[in-house]
Each structure stands twice: as structure tokens, then as C-alpha cells.
Amino acid sequence: MSAAQNLIAVLLVVTVTVALGGYGLRSRSTPDFYVASRTVSPLRNAAAISGEYLSAASYLGIAGLVVAYGSTMLWYGIGYTAGYLVLLVLVAAPLRRSGAYTVSDFAEARLGSLGVRRVATVFVVLIGWLYQIPQLQGAGLALHTVLGAPPWSGAVLVSVVVLVSVIAGGMRSVTLVQAFQFWLKLTALAVPAVVLLLVWHGVRHPGGTAAVASAGVPPVQPAGGHQLYSLYSLMVATFLGAMGLPHVIARFYTNPDGRAARRTTVGVLGLLGVFYLLPEVYGGLGRIFAPGLAGQGRADTVVLLLPARLVPGTAGQLLTALVVAGAFAAFLSTCSGLALSVAAVLSQDLVGGDVRGFRRAAAVAVLAPCGIALLLSRSGVSVAHEVGLVFSVAASTFCPLLVLGIWWRRLTAPGAVAGMLVGGGSALAAATATLLRAGGPGWGGTLLAQPAAWSVPAAFLTMVGVSLATRARVPVGASVMLARLHVPEELAASAADHSAAGGDRSSRGRGRPSRRTHR
């Protein structure tokens, strides 16, 4: 493959990203930086959400898992998409009606507790940084594979570009960048996939099954032999984890109203459904044409390597350059969304919440995970599995908080804090043990490698149990807040107009005495 063409592809993505980020220089007010003044249309927001959601795990990791483990890994793509169906039904519109800027804002407004806000902020930062680290590692892997660059170079380049985009204009800038990057990623995977399928149709490689059988196994065995449990746990993590990802939740605050939030979610379901057909193509072809990558611990590179292996000459080099451009767009878009969500909560809780504070917080939100990624060596765990562990943490913290906070009046601040600490803390401990490869074989390792099946129920049960034990601390305005979350904006506006009209008539009826009293 031509390193020069791949380098040009990366530089073009960087240039366009920085140029589009310049659009955000129009941002001046705090609402512009945090929620793009709540004026983002459903179609653009759906593309932007899809852009930031389709991370290194989606672009590179799923295909790598299919190469290594086969069709059972197709559940990653299904789960990542189905999570938005759950989000649509339970969370999207009420969350937008809350009027919050961040999930920490929602927690404090719903429960009237600064303690809940602080715990939520800690988990926003932890989840954001844990999610950013595999993106930065994936960027290093991509540049090392296609350019021969040192692995640290990808993390540094992505961090610099993301920092420029976020500081330039906050949410307004990042929205435009992420929408563009989604369409680039879709094109960058779809065009080579069509070409590769045509090549496969002509070749029909006969030795695929035998080759796969001798490919070996990757470093981390999902399920430790307990495949049924791991499958169910993966479904719980991916189905419920999407609503717990701070960078995904933050995007719903940018819609004009709850109806637009629902339309955005439907759009995301359609866009993701199309995209997730593509990694499986690369994974299936990788099991035929590049099965040895799994045994070498390089399964995550199959998307980058297949075009040059199947299509010789200049055409293969151009297809590789296109795939590289899409991969780099994946790293940039996801890291931008994560940095934005982390910067928002750090700014509001630590440095005052104004535009200047947001920019200082953005520097911390970008540079801290970059430093961690540079310090940590590769764990041997696939990018998709690392992200799956983050989904478990998200599903065990913010999913119970949002679902119960939106649909159950009796949730209390002590219950919310206890649930987040029990669920998120246990999932985080399990993820750390897995990344350090401390789980071992058998059920113990399986429960740590896929914790969502037990950590999410633990979080829900703890929130409910502690809330019932502290029922005297149900917020005074809980019923009013729930009505605000569930009453459509049109009905609320109509009721407000009717109330105002009634007030006017009442004033006219007692106008003279009222004026005398006022005087």
C-alpha cells in the first residue's frame, strides 16, 4: 500500500475537520457552546449522533471480533443499534423537556441534591475518559498499520485536532463536524465493501473454513466458555448502555423540543441500521482472506488491510486510503463528542460554567485521556471489547438514574447515589480487572469480562431499595418535575396560554379593587 496516499487521506480529514470547526467561531453565548442554542434539526442531529457514536469499536473492532470469533459477535452491531430503540421509548423526549445542559444538570434538577450532581459528574468524567482511551489507541493502531508511524502519534494528532474543534465553538462546531464525519465514514466503508464483495464473488476462495480453524484465538476469551451468559450480558450492556453514554445524552439537549428529539432518535436508528451492515462484510471476508490476523493479535486491522490484499495495484491503494480516512474520522468524531460532554460538566462544576471556563475544561477533557493513553501499553483486549466494558459501566450508572428519574416519582437522592455507586463501582471494578487480565478462566473471569448482567440489576435494586427506605426524602417538587418531563410542549404551551387568558379575565373582573389595593 502507498504510505503517501494514506498520509494524504489523513491530512485531508484533519484539514476539513479544522475548517468545519471554524464555523463554530460564530459561537459566543453559553447556550451556543453547551447545546448549540437548542436549534439543531432532527436530520443533522441524527447524523451528528451517528457520527460520534460510530467509534473505533464500530469501525474497526466489530470486524475484528467477527474474524476472531465468528458470527456470535454480530450481536455487538445489533446491540449498539437496538440501544437507541430503548432510548427512544424511555428517555429521548422527557430528557429534552428537562431543559438541562448535562446529565448532572438533570440529576440535580430532578432530585434537588448537590450530592447526586457530584456523583453523576464523577461518572461522566470516568466514562468519557474510559471511552476516549480506546479511540486514541485505535488511532495509534491505524497510523502504525498504514503509515508505519509510532503508535503514540495517532493519539497526539487526534487530541490536537479535537481540542481545536471543541475550543473553537463547542457544540455548534462539533455538530457540523460530526455530521460530516458520519457521511464520510459510511462512504469510506460502503464503497470498498461493494468492491470487495464483487472480488469475492469472482474468486470464491475455497480454503476459508480450514484457514479459520487454524487461526488461533485472541488474548481475551469472551465468555470463558460460558457463551450463553456472555451473550445475554452483552445484550444488556449494549441495549441499556447507549442511554448512559454522556456524549450521546448531551446531543438530545440540542433539539428544539421533545418531538424533535424523538424524530432524531428514529433517524439514528435508520442510519445505524445501514452502517452496521458493513463491518460484518469485512469480518466475514476477513475470515476467508486474512484469518491469520486473529492468531497474531491483529484482528482489529482487518478493515485497513483487506482492500490492498484483495484488490491489487493503484485501485487497492485508493480504497485503502478511503478506509483510512473513514477510520480517522471515526476517532475524531467520537473523541470530539466525549471531550465536549466531559468539558461541559467540568466547566459547570469546577470553573463557573461560562465560555472561558468551558474552554479551560475542554483542555483538561482532551489532554488527560491522551496522557493516560500514552502511558498505558496495549492491554491485548480488542477495541470493541474495551468499549463494551465502558457500555457496562454506563448501563450500570446513568441508565437506572434516567429510567427511574423519569418514570418513578419516589426516587430519592440517597437511592440515586447508592445505586450509581453500587452499579457503576462494581462494573468499573470488573472492567479494570478484565483489562489487567486478572479474571482468570471459569465463571469468575466470565462474570468480570461481562459484568452488565449482574451490575445493572444491582444498580436498579439498590436505587429502589434505598429510595423506599428513605421515602421521607422524596423531593417536594417531584410530581411537578415529572409533569414537566412527560407533558408535550404543545399541551404545556396551550395550558399556559389558557391560564394567562383566565388570569386576564379575572383581572378585568376585579380590576378596580385590585388597582386600589396595589396603590
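The values are calculated or read from the model by the stated rules, or taken from the named source; none is laboratory data. Note that the structure is predicted; figures quoted are calculated from it, not measured. Neighbour counts run over all protein chains shown; Cβ positions are idealised from the backbone, glycine included.
For the reader, a short list of remarks on this structure follows.
- Thr301, sole failed condition from (1) surrounded by fewer than 21 Cβ atoms within 10 Å (Cβ to Cβ); (2) at pLDDT below 90; (3) in a helix (DSSP H, G or I): (1)
- Residue in segment 241-263 that is modelled with pLDDT of 90 or more and not polar (S, T, N, Q) present: yes
- Residue check for Phe358: closer than 19 Å to Ile8 by Cα, part of a helix (DSSP H, G or I), touching a helix residue (DSSP H, G or I) at 6+ places or on another chain (Cβ under 7 Å) and at pLDDT below 90: no
- Cβ-Cβ distances below 7 Å connect the following pairs, each with a first residue in segment 276-298 that is closer than 19 Å to Trp183 by Cα, a second residue that is polar (S, T, N, Q) and buried (at least 20 other Cβ atoms within 10 Å of the Cβ), and a separation of six or more residues or different chains: Tyr276/Thr81; Pro279/Ser58.
- Of residues in segment 72-99 being hydroxyl-bearing (Ser, Thr, Tyr) and modelled with pLDDT of 85 or more, the one surrounded by the most Cβ atoms within 10 Å (Cβ to Cβ): Tyr84
- Residues in segment 45-71 that are at pLDDT below 85 and hydrophobic (A, V, I, L, M, F, W, C): Ala56, Ala57.
- Exclusive hit being hydrophobic (A, V, I, L, M, F, W, C), modelled with pLDDT of 90 or more and closer than 17 Å to His201 by Cα, set Leu306, Leu318, Leu322: Leu306
- Selection within segment 287-339: residues that are of a type in the set (D, E, K, R) and touching a helix residue (DSSP H, G or I) at 6+ places or on another chain (Cβ under 7 Å). The member of this set that is farthest from Ala4 (Cα to Cα) is Arg287.
- Residue count for segment 97-132, restricted to those that are among the polar types (S, T, N, Q) and closer than 29 Å to Thr432 by Cα: 4.
- The combined condition, being farther than 30 Å from Leu404 by Cα and not in a helix (DSSP H, G or I), is not fulfilled by Ala155.
- Restricting attention to segment 39-71, the residues that are more than 30 Å from Leu20 (Cα to Cα) and surrounded by fewer than 24 Cβ atoms within 10 Å (Cβ to Cβ) add up to 3.
- Residue in segment 136-152 that is free of Cβ contacts under 8 Å to residues at least 60 places away in the same chain, closer than 27 Å to Met420 by Cα and assigned to a helix (DSSP H, G or I) present: no
- Any chance Pro451 is at pLDDT 90 or above and out of contact with any Asp or Glu (no Cβ under 9 Å at 6 or more places or on another chain): yes
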